[in-house]
Every structure is written in C-alpha cells, then in structure tokens.
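In what follows, a single structure is set out as structure tokens and then discussed.
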Amino acid sequence: MSKLNQRNVKTEGSNAFTGIELKEAEDHAAGLTAVKVALGHVFKEMGVVRSFKTLSHMNQIDGFDCPGCAWPDPAKRSKLGEYCENGAKALSEEATNKEVDANFFKTYSIEEISSWTDYKIGKSGRLTQPMLLKPGSIYYEPISWEDAFKVVAEHLYELESPNEAIFYTSGRSSNEAAFLYGLFARAFGTNNMPDCSNMCHESSGVGLSETLGIGKGSVKLEDFDKAEVVMVIGQNPGTNHPRMLSALEKCKANGGHVVSVNPLAEAGLVRFKNPQEVSGIIGNGHKLADYHLQVRINQDVALLKLIQIRLTKLDAIDQSVFDHQFIEKYTEGYEAVLAELETHSEAELLDLCGVDNNAIDSVVKLLAKSDKIIICWAMGLTQHKNGVENIKECVNLLLLKGSLGKEGAGTCPVRGHSNVQGDRTVGIMHYISKSLNNAIRTTFGFNPPEVMGYDVVKGIQAMYNKEAKIFLALGGNFVSAASDTEYTAQAMQNCDLTVQISTKLNRSHCITGKTALILPTLGRSDQDFSGGKQRHFTVENSMGVVHQSKGFLHPISEDIKSEPDIIGGIADAYFKGNHAVDWKSISTDYELLRDKMAQILKGFEDVNTKSKGRGYYLPNNVRDLDFSHLPNKKAQFTVTKLPIHDLKTDEFLLMSIRSHDQFNTTIYGLNDRYRGVHNERRVLFMNETDMVKYDYKKFDVVNLMSNYKGKERKVFQFLVIPYNIPAGNLAAYYPETNPLIPIDEYAIKSNTPISKSVKVTVEKSITL
Ligand code: SF4
C-alpha cells in the first residue's frame, strides 16, 4: 500500500497460513456443538456469570435486540434463550471485557495495528474514549468530546459545498440514531448518505420496488408455518441467519417442503439439530431441504426460466398450475414473459444452470401443486451484475403462482445486519424522497437538499477523485466491507477528515484521512442512561416489525456516548444553536425524537407506544395486494435476460463468502466448521475435476487475479481445497478477496458490487 499522509498502513494483515486442518464437511447445523462453541466464545470474552445474565436478555421482549442479523423474533420467546451460535458470538464481540484505551493507542501505532489480521484487530476489544489522529501522526491521542465535536464542525465549515461530505451508515444503528443522522446530513445540505445496504440488498430494494411497489419482503414469520414450499436461493441460513432454521423446521413439521438453490450444499439446509429440542441434542435432528438444486454461480435466472417453462407446459394441460385469476386481476406483463420464455430451449437453460434434470422436475411438480410459496434469498442473488433481474425473476415465479398477499406465501429477502432495513425506513438514502422532504419541511422548518447524493460506489469514487473530503461513518468497517480494497483505501486517505463512530477497533480506524477521529459509542447490549433515566431505542427486523431494544450491561467506560448523543453533539457544535432544529433536546430525549419521527415517517404514528412489547408491523402494500402506485396499478412481470460472462478458457467465476466464524467483516474465529475447514481463512474452494484439469493438488498455494478493463488485481497465498462446488466456479472468503472486485463493476440499477461473480484466473504461487 502506498505511503500517504506519511503513513505506511496496510489494507491486509499477514497472509501467513495459520495451520489448516481439513475435515469432512458437516451434514447438519447447530446441535450440541453449536451450544458449546457459542458458550465458549461468550465465556472467554465476558466471563461465565456475566454471559448467562446477558444472554437471558437477548431478543427477549424487554431485553436488547441481537447485534447480529435481522431475523425476527417469535411471538413466544423461549426461556432457554432466544439466540443462535452466531448471535452469541456477536454479543461476545460487543460485550467483551477487553478495552482499547489511550494506553493501547500509545503502545500501538496505526501502522502496526494495520499489519495485524482483521481477526487480531477485532479481538483487541471495545473502544473506551474519543481519540484523535493528527495530520502526519501514526498514533491516536485522547481528545475530549467537546473538542472532538469542534474538530468535525470546523472541517465541515471549511468545505466549499455540503456535497463534499459523506455520511455513511451501517446496519447496527438504531432507528433513532439513523433518523437523527439523516436529519443532520439534510440540515447540513447533502443527500450523500451511502449505507451498507448499497453493498448487499440494494438489488432487492430496486427489484422489489419496481415490480411490487415496496423494497422490502412481504412475509411474516408465521407464514413459514403455513407455506407449502419455501425456496431458499443464494442464502446460507445455517451461518448467516441461524434462527431461520427453526422456521424451516416448523414449515416441514407442518407438511411443507424446502428447496435449496445454491452452488454449495450448505450444512444448515441439509439437516438441523435444534438445540432447544432433545432430538436436536442427542438425536439426528430434522432434514430440511427436500431438494438441493446445485446451480452454477449466477445461473439462477436460467434455472428459474427453465422451471417456469416446465410449469407453463403443465398449465397448458389443466390451467390450474398458474393462478390465472390473480394474474388477471393484479398483474401486467404476463404475455410478454411467456413469449420470452418461448425463445429459450430447455436444453440451453439446463446446460447453463448445470442442475440435475430429475431434481428440477421434482421441484416443478412440487411447485405445480402448491400455491403457498415463499422465496427467500440473500447475497447469492443480489451481488451480481444482473442482481436486480435475479430478484425480478423470483417475483415472476411468485406472480405466476399467485403466491403473494396471502398466508404462507411471499417474498423474503433476508437481511444480514440487525437494523439495515430500519435505516432505510427512517430516511438513510442517497436519493430524494419528496414526501420525506415535505414532511421534514413542515415539521422542522428547513428545506432539505433536492440533489441526488452518493451511494457507496459513487461515494468512494468521489473521495478517490477528491470531490468529497470528509467521511463520517455511523458504525461499520467501511474499508474492509467495500469492494476494490486498494482503491477504497486510497479514497479514504484522500480525505481531509474521517470520523468513525464505533464500538470496536477495526481496520477502518487505521486507513484514514489526514485527520481522523474515533468516537466510541454504546452497543446494543449496553445500558443507555441520560439524566438518571434509562433510554431505549427501536429497530426494524427483516419482516418489517418495529420494536424496542433496551440494553442490559453497564457500559465498559463512562466516556462512551450513545449514537444520538454523538450526532446531537456534532450538530450542536456545527449549528451553535442557530438552526430550526433543537439538536440538543431531540438527541437527548428519545421519546421526543420518536414523536418527531412519528410526524414525519409513514408507519411511525404513535411509535412510542406501539413499539413496546412485541412491536408492530409497518405498512406493506404487498400484504394488502395494493399495487395502486405502480404502472396501471398492477404488479409487474419482467422480461429478464440471461447473464453473459464470456469466460476465457482459464477463467473461473469466484464468489466471495463468509466463513462460519464470521459476521460481515467481523472475524470471530478461524474455523468454518460446517464446510470442514479449521484454523485457516486463506482457502480456495475448488471442484475436484478442475483440480485435475489444471493440475492442482490439495493445499497447493495459489494467487488469484482479476482483470477488468485491462487492470490486473491480485490477492496472494490461498490453499486450494477440493470441494463440492460446480466446475468452473470457485469460492473464497471476504474481505480477503475484496481487492479483486473492481469499483466500477456493480449491479445494473442498484450499484451493488459484483462480489458473488468475479471473473478470476488462478496461478500457482512460488512462495510458501
Ligand atoms: S438468527 Fe440472527 S438475530 Fe437471531 S440470534 Fe442469530 S444472529 Fe442474532
């Protein structure tokens, strides 16, 4: 990495191998091992008594929301605990006893910290006081909160235009914090509000909005009990949303079927050993996926078209396979979709998707006789150039079957971070919402900007080109999360000021602007007191339920502030009391803040009352079959195209994946237990026929290269391991593989980086 600002910081720590042990991939998820691993993590970081006390409050009605994924909580909460292995790991990271304080930063320079692996950096502990990195310095030093707010305000004053500042949000933020942050960005004068959903589910938002009129899913948790078929496409719930397995188990117990569509046969969809049941602890648990359609990377559209062609043929025989009444009443574009399907041969689509023909036939028969179908998906569909069309093809299938707006049916984009959906609902967006702006104008009396802002990709490009000079991050680890790591790092270093509002140390605290601030904030599990009164905040889960979350633990330091207090402090320092908004009051009094949100946000009327207890569902037009704001007031079928990759003979398609010991960019450990990989992250999953074809042996050391528009990007030192993955496809973990993904390769319309279908070549490494 180039020396910039006299700082020799690294985008990656040591790539030395850590001692791989390869075992058989597991054929089930959870069970006793998961309990042991989860408790091992929390005991190590939090101690035994503190662990049990805290876990008993996680995801409970009066407790705090899990800082992990956004899977919803059931109506009745288990007394044994309402969390999964990875939820416990997420808690252990947040509630660790380890502190990163002024002494830590005196001892370690950012050059040294950046040479550590992400795993080691993350394990350093919780940030405990505000820290400042001065221009040219490589050591953070303490700063008071007041002075920190002044540093931000002074840098904001120096900008020539408000659009030179970027306000990034991660999915950890509460609704209150995100709303306040968005309000401040607008009051400051910009819509530069990229957020982490730009990198994950933006394709879902765009695809669903254009076809169904809402960028969110339509199912409720109870729908899984009634579904006849649940299709899980491009998603690995065993690792990323483990409590979803209980919902699938219930679906099966009620006679439903589960179909998995994925290039990898993930353990979580094979069999589930529910740790809350005796059969899950000492028995074999329950089989989940009835069919696994092992699709080639990014050939989901080919598979879905093939399924629809076969369904069309069956429908031609008895006209009951499709829901013609539903199609007639609620949709448009049916004929065009059917006409386009006729242009494809089954053989062509079968060849493209690479799925077993008999398995497809079985699934087609199942779908033909079912009308309560749920389609779930995650990054396996969204992070491709055709990410938006992938979603639209899923919608096509649901529209044909009339599987919307009724029990047991609908769309289910599963969100990976606990409040990523809520952030958008409360106004974190880079585009203009006229209704939101009007409401802000009426309620607060200032005019929000009407110029489109930057999303993640455009924001990075603006910083790289020095058109943006200040980067504020409300949570997250931006450098490690974004694509094209070297480019992103350069972009950050081009800034005059970078500000990270964070709970824990991460790489983005090392790769900074000329001046940098770390502003430590409370986590989900922390108590949040003001004026002797405990405050709570709200979040929205993956199914549109807004509910309260109240911390339990005494914060690790007295010098940590809540996110709203920090935002309010910055806003107050910037406006100095000369603004229509009373920033101090609304950032301190969350009830007052929610009252303001209730005046502005659709669905937030009376949120202070309704969010208590189990919370409440936000309005959802698909549940009501109300498509009145779509063209011709109809849900839209879409004619999609098959993706084209034009691979050269030695090129593969690589998908970046999480290990089981990982949550987004947070690395909990070095194991990927379900896939049989232990104590190593630098692995490359490769089909055995490809290994023979290209003469690779197990544990050969290789480098990976991508070459887009003549620019070569390279990552080094990966161990080849044979794996059940389609020929021509590869998988490896991120963030290690993020440097391969060009900044300007992203999904059409959503700008989501193509993290799941990167063209790469492989070369043997000459170093060990
Ligand atoms: S499923 Fe998600 S929300 Fe639930 S405990 Fe696990 S990580 Fe947390």
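Which residue is farthest from the ligand (Cβ to nearest atom), if the candidates are limited to the stretch 42-58 and must be surrounded by 19 or more Cβ atoms within 10 Å (Cβ to Cβ) and hydrophobic (A, V, I, L, M, F, W, C)?
Checking each candidate, the answer is M46.
Considering only residues that are touching a residue at least 12 places away in the same chain (Cβ under 8 Å) and part of a helix (DSSP H, G or I), look in the stretch 601-624 and name the one that is farthest from G213 (Cα to Cα). Break it down into steps so the answer makes sense when it comes.
First, the residues of the stretch 601-624 that are touching a residue at least 12 places away in the same chain (Cβ under 8 Å): 601-604, 607-608, 610-624.
Of the ones still in play, those that are also part of a helix (DSSP H, G or I) are 607-608, 610.
Working: V607: 24, N608: 27, K610: 25 Å.
Looking at the filtered set, the residue picked out is N608.
Yes or no, residue by residue, for (1) away from the ligand (no atom under 16 Å from the Cβ); (2) of a type outside the set (A, V, I, L, M, F, W, C); (3) touching a helix residue (DSSP H, G or I) at 6+ places or on another chain (Cβ under 7 Å):
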position: Y168; (1), (2), (3): yes, yes, yes
position: N175; (1), (2), (3): yes, yes, yes
position: G189; (1), (2), (3): yes, yes, yes
position: M193; (1), (2), (3): yes, no, yes
position: C200; (1), (2), (3): no, no, yes
position: S203; (1), (2), (3): yes, yes, yes
position: T211; (1), (2), (3): yes, yes, yes
position: K216; (1), (2), (3): yes, yes, yes
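Quick one: which of L397, L436, L404 is more than 24 Å from N175 (Cβ to Cβ) and either in contact with a Gly (Cβ under 7 Å, 6 or more places away or on another chain) or of a type in the set (S, T, N, Q) (or both)?
L404
Going by the conditions given, is A70 aliphatic (A, V, I, L, M), more than 30 Å from F716 (Cα to Cα), within 22 Å of the chain's Cα centre (by Cα) and assigned to a loop (DSSP other than H, G, I, E, B)? Write out each step before concluding.
Working: aliphatic (A, V, I, L, M): yes; more than 30 Å from F716 (Cα to Cα): yes; within 22 Å of the chain's Cα centre (by Cα): yes; assigned to a loop (DSSP other than H, G, I, E, B): yes.
Yes, satisfied.
Within the stretch 706-726, does at least one residue satisfy the condition of being surrounded by fewer than 16 Cβ atoms within 10 Å (Cβ to Cβ) and of a type in the set (A, V, I, L, M)?
no
What do you reckon, is P67 within 12 Å of the ligand (Cβ to nearest atom), under 23 Å from A481 (Cα atoms) and of a type outside the set (D, E, K, R)?
Working: within 12 Å of the ligand (Cβ to nearest atom): yes; under 23 Å from A481 (Cα atoms): yes; of a type outside the set (D, E, K, R): yes.
Yes.
Of the residues M58, M46, which is outside the structural domain of G238 (by TED's automatic domain parsing) and within 30 Å of T609 (Cα to Cα)?
Values: M46 fails: within 30 Å of T609 (Cα to Cα).
So the residue among M58, M46 that is outside the structural domain of G238 (by TED's automatic domain parsing) and within 30 Å of T609 (Cα to Cα) is M58.
Table: residues versus (1) touching a residue at least 60 places away in the same chain (Cβ under 8 Å); (2) within 13 Å of the ligand (Cβ to nearest atom).
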site	(1), (2)
G40	no, no
Q60	no, yes
G87	yes, yes
E99	yes, no
F105	no, no
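Given the conditions (1) away from the ligand (no atom under 16 Å from the Cβ); (2) at pLDDT 90 or above, and given that E277 satisfies all but one, which numbered condition is not satisfied?
For E277, the exception is condition (2).
I'm checking my understanding of the structure. Among residues of the stretch 73-85 that are more than 11 Å from the ligand (Cβ to nearest atom) and not aliphatic (A, V, I, L, M), which one is farthest from the chain's Cα centre (by Cα)? Outline the logic, then answer.
So the first thing to find is which residues in the stretch 73-85 are more than 11 Å from the ligand (Cβ to nearest atom), and the list is 75-80.
Of the ones still in play, those that are also not aliphatic (A, V, I, L, M) are 76-79.
On the way: K76: 26, R77: 25, S78: 26, K79: 29 Å.
So the residue we want is K79.
Do you know which residues across the stretch 283-320 are β-branched (V, I, T) and touching a residue at least 24 places away in the same chain (Cβ under 8 Å)? If you could, list the steps in order and put the result at the bottom.
Here is the first cut: in the stretch 283-320, the ones β-branched (V, I, T) are 295, 297, 301, 307, 309, 312, 317.
Selection gives V295, I297, V301, I307, I309, T312.
Given the options A16, A25, A75, A90, name the one that is hydrophobic (A, V, I, L, M, F, W, C), touching a Gly at 6+ places or on another chain (Cβ under 7 Å) and in a loop (DSSP other than H, G, I, E, B). Can you show your working first?
Details: A16 fails: touching a Gly at 6+ places or on another chain (Cβ under 7 Å); A75 fails: touching a Gly at 6+ places or on another chain (Cβ under 7 Å); A90 fails: in a loop (DSSP other than H, G, I, E, B).
Answer to the check: A25.
Just the residues that are outside any strand (DSSP E or B) and modelled with pLDDT of 95 or more, please, taken from the stretch 254-274.
Filtering the stretch 254-274 for residues outside any strand (DSSP E or B) gives 254-256, 262-270, 274.
N254, G255, G256, N262, P263, L264 - these are the residues of the stretch 254-274 that are outside any strand (DSSP E or B) and modelled with pLDDT of 95 or more.
If you go through the stretch 606-622 one residue at a time, how many are over 13 Å from G544 (Cα atoms) and either among the small types (G, A, S) or in contact with a helix residue (DSSP H, G or I) (Cβ under 7 Å, 6 or more places away or on another chain) (or both)? Spell out how you get there, then give the answer.
Pass one, the stretch 606-622, residues over 13 Å from G544 (Cα atoms): 606-610, 612-613.
Among the residues that remain, those that are also either among the small types (G, A, S) or in contact with a helix residue (DSSP H, G or I) (Cβ under 7 Å, 6 or more places away or on another chain) (or both) are: 606-608, 613.
Selection size over the stretch 606-622: 4.
The values are calculated or read from the model by the stated rules, or taken from the named source; none is laboratory data. Just so we're clear, the structure is a prediction, and the values are computed from it rather than from any experiment. Glycine gets a Cβ as well: all are built from the backbone with ideal geometry, and neighbour counts include every protein chain shown.
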